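Working notes, structure below.
The values are calculated or read from the model by the stated rules, or taken from the named source; none is laboratory data. Computed from a predicted structure; not experimentally measured. Cβ: placed from backbone, ideal geometry, glycine included. Neighbour counts: every protein chain shown. Remember, those area values only see protein heavy atoms, side chains included, never the ligands or the DNA or RNA. Shrake-Rupley method; radii C 1.70, N 1.55, O 1.52, S 1.80 Å.
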Amino acid sequence: MACLLETPIRMSVLSEVTASSRHYVDRLFDPDPQKVLQGVILLYLLQQETSSTELKTECAVVLGSLAMGTENNVKSLLDCHIIPALLQGLLSPDLKFIEACLRCLRTIFTSPVTPEELLYTDATVIPHLMALLSRSRYTQEYICQIFSHCCKGPDHQTILFNHGAVQNIAHLLTSVSYKVRMQALKCFSVLAFENPQVSMTLVNVLVDGELLPQIFVKMLQRDKPIEMQLTSAKCLTYMCRAGAIRTDDNSIVLKTLPCLVRMCSKERLLEERVEGAETLAYLIEPDVELQRIASITDHLIAMLADYFKYPSSVSAITDIKRLDHDLKHAHELRQAAFKLYASLGANDEDIRKKIIETENMMDRIVTGLSESSVKVRLAAVRCLHSLSRSVQQLRTSFQDHAVWKPLMKVLQNAPDEILVVASSMLCNLLLEFSPSKEPILESGAVELLCGLTQSENPALRVNGIWALMNMAFQAEQKIKADILRSLSTEQLFRLLSDSDLNVLMKTLGLLRNLLSTRPHIDKIMSTHGKQIMQAVTFILEGEHNIEVKEQTLCILANIADGTTAKELIMTNDDILQKIKYYMGHSHVKLQLAAMFCISNLIWNEEEGSQERQDKLRDMGIVDILHKLSQSPDSNLCDKAKTALQQYLA
C-alpha cells in the first residue's frame, strides 16, 4: 500500500483503470490476499482531485463490491481509512457519486467488524447525512440503513434525535419505494428502543395528517410483507415499553400482540419465528394482562413447543442446505421459546401450570441448562426462574425433575449474567416449603452462597445473602452454625457496611432469621454476641433509612427474647439509651420496634424480670410508656398498655 501511495499515477493509468474496472473486480475475489489488497489502489484514486467524477464514482462502486467480500476485506479497507475518504466524497455536488459513496458506506457499516462509533467521530457527519436525505430515494434508503445499523444505545439515539432524525425520517414512511419505507421503519424501531424521549415524541408525529402509531398499525396488517409487519410490531412494542402507549391500548391488544403471535406459527420462516417470539416476550414481560391475553391467543403455549423440534431428524432431511439452516437456527429458536415462556409465566399461576404441562417441558428446560450456547443457558435459567415463583410447582414438578441438581452445576462455573438469574432462582428453591431445600443444603450450597456474597457484582452479593437468609428461616441450629462459620463475622461486617442498600437489608434479614427461637438465640449470642452487638450499634449510629433502623431494632427485639442473651442488652447502657431514644422517635415503625425490645426485656414470667424492670424504670422507660399509651396510633397505644401491665402484675 505504501509503495502505491508513494508513486504518483500518470493520467494514462487512470484511463486504463477506467477501461479495465472489470479486471479489478475480478481481482477482488482472488484467494490471494496480496491481490485483494491491490484493489485498495481504488481508494487512492477516489481521493485524487485530478480523478474525474466518473472515475471516482466507479472506484466507489468497485470498493463497495470489495466490501461485500470477506470480513478481512472490510478490515483491510478500514485500516486504509476508507470511511473518512467516503465521507469526504459526500461533499461532492454530484448525486451519482454521493449515492455510490453512500452505498459503499452502507455495506461497510453493516459489516459486523465495523465499529459504529466511526459514524459519530466527526460531529459534522450526522447533520450532513440528514441534509442528504432529501436528494434521492437511494440516499434515503442508504442513510436510513446506516442509521439503523449504527444506532446502538442511548448516546447514539440522542445524537440522531437531536439532529432531527424523527422529523427528517417520518415522511419517508409514505415513500413510493418499499425499500425506503422499510429502512425508515427500521430506523424508528432502533430509535424508540428503551427510549421514553423518542417514544413520547413519535406518538404525536403527524405524517400526511395521520399519527405515526396509526401508520405503524397499518403496516402490520396481514396483507403487508412479513418484514414490514414484524418491524412495525417492534416499533409499537418499544413505544409501549417506553411508556408512550398504554398496555391496554387497542393498537397493542388488538393489533401488535396478535401480529407477534402470528409470527410464531409454523408457517413462518425460522428467523421470523425467532424475532416474533423475542419481541412478544419483551412486550408482555411487565404486564400480567398482556401475558393472559397472549397465553390464550392461537394456542401460543403449545405452538412454542414446536420450537424445540429443530433440526428435524437427519433421516427426514435430504437437503444438506436445509439441515445446515435448521442447525444454525435451532439454538436461536430454543432461546426465543425459553424467553417467551419466561415472560408468559412471570405472574400467573394457571399459565405456569399450562407451560409445565406442555410436552416434556421440564426435561427441555433442564437440558437447556447444560447447553453449550451461553444465550440458550441464560434463557433456560430465566424460564426456570419465572416458573419457580410458583409454590405449587416448587413442591411438585421441580421436585420430580430434581431441578436443583443441574442448577447447582450451573452455579459452579458460569458467566455473571447466568449466575445472577441462577442464584436468584436458588433463593426460591431455598424457601422453607420447598422440598429441594434439604438436598441443596447437603450439596455444599452454604459455601457456594457465602462465596457469592464476596462478589464484586452487587446483584450476586444480594442473591447470595438473600439465599442464606431463606436458608436460615426456621432452620436447625446446625445449619445456622454452618452459615455463621462459612460467612465469618468479618464478612458479616463488610456486608453491613455495603454501599448497596439491598445487600444491607438482606444481611439484616439473615441476622434476624439466625436469631430466632430461644435456644438458637442464646447459643449464637454466647459465641458471637460481642460482634453482633457491635454490628447493631454500628447500624443504629449510622446514616440509614427507616427500614434499615427498623430491621436492626427487630434484631435487638429477638436478642431480648433470649433467656441468657437478653443480658447482653441489659449490661450495655449505650444500647439501652438507643432503645429509649427510638421509643420517642417521630416514626411509628421505629417506636413499635423499640417497644418490642422493651416488652421482651420486662416480661414478668421470666427469671430476673424484676431487676430488669427496675433498671428500665430508673432510666425513665415507664414515663415513656405512659406517654405512648395515649398515642393516636392504636397499635402503639396497645403495646404500651400491655408493657405497663407487666409492671403492675
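Okay, here's what the table says:
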{"read-out": "Cα long-axis angle, helix 634-648 against the chain (0 to 90 degrees, to the nearest 10)", "value": "30 degrees"}
{"read-out": "Residue order for Asp400, Asp574 - accessible surface, 1.4 angstrom probe, largest first", "value": "Asp400, Asp574"}
{"read-out": "Estimated distance in nm for a label pair at Asp79 and Met619, the labels positioned 7 Å out from Cα along Cα-to-Cβ", "value": "7.6 nm"}
{"read-out": "Separation in nanometres of the label points that stand 7 Å from Cα toward Cβ, at Gln645 and Ile296", "value": "5.1 nm"}
{"read-out": "Taking the C-alpha atoms of segment 190-304, convex hull volume expressed per residue in Å³", "value": "95 Å³"}
{"read-out": "Segment 551-649 - percent relative contact order, Cα under 8 Å, separation 6 or more", "value": "25 percent"}
{"read-out": "Rounded percent of accessible protein surface that carbon and sulfur make up, the chain, 1.4 Å probe", "value": "52 percent"}
{"read-out": "Between 0 and 90°, nearest 10: helix 518-541 axis offset from the chain longest Cα axis", "value": "60 degrees"}
{"read-out": "From phi via Karplus (6.51, -1.76, 1.60), per-residue ³J(HN,Hα) for segment 144-152 in Hz, x at Gly/Pro", "value": "4, 5, 4, 4, 5, 7, 9, 9, 10"}
{"read-out": "Segment 60-201: radius of gyration and largest Cα-Cα distance (Dmax), Å", "value": "14.4, 42"}
{"read-out": "Angle in degrees between helix 53-67 and the longest Cα principal axis of the chain, rounded to the nearest 10", "value": "50 degrees"}
{"read-out": "Radius, Kirkwood style, for segment 223-378 when every pair of distinct Cα atoms is counted (Å)", "value": "16.0 Å"}
{"read-out": "Shape box of segment 37-82 [Cα atoms, principal axes, largest first, Å]", "value": "30, 16, 14"}
{"read-out": "Approximate shape of segment 31-142 as ellipsoid semi-axes (Cα gyration tensor, √5λ), whole Å, largest first", "value": "22, 17, 12"}
{"read-out": "Solvent-accessible area per residue, Å², over segment 196-247 with all protein chains present [probe radius 1.4 Å]", "value": "44 Å²"}
{"read-out": "Accessible area per residue in Å² at 1.4 Å probe, computed on segment 292-387", "value": "46 Å²"}
{"read-out": "Accessible area, probe 1.4 Å, largest first, for residues His149, His156, His585, His171", "value": "His171, His149, His585, His156"}
{"read-out": "DSSP loop trypsin sites (Lys or Arg not before Pro) with at most 14 other Cβ within 10 Å: longest gap in the chain", "value": "310-649"}
{"read-out": "Low-density loop positions, GluC sites (Glu not before Pro), segment 468-556 - DSSP coil, at most 12 other Cβ in 10 Å", "value": "Glu476, Glu543"}
{"read-out": "Largest-first principal axis extents of the Cα set of segment 125-234 (Å)", "value": "38, 31, 26"}
{"read-out": "Estimated 222 nm signal from helices in the chain, with DSSP H stretches of n ≥ 4 weighted -39500 (n - 2.57), rounded to 500", "value": "-21000 deg cm²/dmol"}
{"read-out": "Mean accessible surface per residue for segment 402-531, computed with a 1.4 Å probe while every protein chain stays in place, in Å²", "value": "42 Å²"}
{"read-out": "Dipole-positive endmost among Ala305, Ala535, Leu340 within the chain (Cβ charges, Cα centre)", "value": "Ala305"}
{"read-out": "At 0.692 mPa s and 37 °C, Stokes D of the chain from Kirkwood alpha-carbon radius, µm² per second", "value": "109 µm²/s"}
{"read-out": "Among Tyr120, Ile159, Val198 - extreme Cα towards positive end, dipole of segment 107-202, charges at beta-carbon", "value": "Val198"}
